[in-house]
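Remarks on the structure that follows.
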Amino acid sequence: MLNARIPWQRSYKYLGVTLDRNLHFRAHIARVRKTALFYRARLGAMLGRKSKLSRRNKRTIYKMCIRTVMRYASPVFAHAAPKALHRLQVIQNKFCRAATDAHWCVRNSILHRDLELPTISKYMKDASKRFFDFAGSHPNALLRAAVDYQPPPPTHYIRRSRNVLFDQPDALTAAVDSLNDVNDTHD
């Protein structure tokens, strides 16, 4: 159920997703970012540079506690502006740097490869693909009809959820993928 609208409030919170009038998801991403930073601060002693935990255990704690906050309802807001999603990627980059105790000169793509973490945009794209595949074959006709549409062309000013499946990867995702391809050819 929608929260009561306060006259100066321009967004609504519905099922954990903050919706604004134009569905830009800026307020939602800001709230998710704030929550993820809160959890990261609380777990900082275990995930930080001086922690004695292994990288594998740090990655597991990150994936279970922090990334779950960032990925909740990700198929809904995965098509948000790249700048807004980049704010979530910054949190993951900082985790990667702290978990590996890497210097400032080490590239984020190398850190993602070493920790075997996909970038936020790739993760959301994969989650959206799984969602649309599941919903497209669901026995409920209303759910099938909700996802059975042709997305507008990429040049169109309105972006819908299915557009994220056809987007080109960002620079960090492309760099991580190329590093993983190089590793696969050497194995």
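Some notes on this structure:
- Sequentially through the range 59-68, phi angles give Karplus couplings (6.51, -1.76, 1.60; θ = phi - 60°) of 5, 5, 4, 4, 5, 7, 9, 9, 5, 5 Hz, Gly and Pro residues having no value and appearing as x.
- The local environment of His28, defined by Cβ-Cβ distances under 9 Å, has a net charge of +2 under the rule Lys, Arg +1 and Asp, Glu -1.
- Long-range amide H partners of Phe25 with built H, under 5 Å: Asp20
- Of the accessible area of the range 1-130, computed with a 1.4 Å probe over protein heavy atoms only, carbon and sulfur atoms account for 57 percent.
- The range 55-135: trypsin sites (Lys or Arg not before Pro) falling in loop per DSSP and having at most 14 other Cβ within 10 Å: Arg107
- Sparse-neighbourhood loop sites, chymotrypsin sites (Phe, Trp or Tyr not before Pro) in the range 81-141 - DSSP loop, at most 14 other Cβ within 10 angstrom: Trp104
- Cβ-Cβ distance of Asp101 and Tyr72, R₀ of 25 Å, FRET efficiency by 1/(1 + (r/R0)^6): the value works out to about 0.30.
- Residues considered: Asn108, Asn93, Asn140. Largest GNM mean-square fluctuation over the chain, using C-alpha springs under 10 Å, is found at Asn140.
- Binned Cα-Cα distance frequencies in the chain - 5 Å width, integer %: 1, 7, 14, 17, 18, 16, 12, 8, 5, 2, 0, 0, 0
- In this structure the range 24-172 gives 61 Å² per residue of accessible area when probed at 1.4 Å with all protein chains present.
- Span-rule helices in the chain, defined as complete DSSP H runs reaching 18 Å or more along the axis (Cα) with Kyte mean at least -0.5: 82-100, 120-136, 171-186
- Here the Gaussian network model covers the chain, with springs between Cα atoms less than 10 Å apart; of Ala73, Ala146, Ala102, Ala146 fluctuates the most.
The values are calculated or read from the model by the stated rules, or taken from the named source; none is laboratory data. None of the values given here were measured: they were computed from a predicted structure. We place every Cβ from the backbone using ideal geometry, glycine too, and count neighbours over all the protein chains shown. Calculation scope for accessible area: heavy atoms of the full protein, side chains included, ligands and nucleic acids excluded. Shrake-Rupley method; radii C 1.70, N 1.55, O 1.52, S 1.80 Å.
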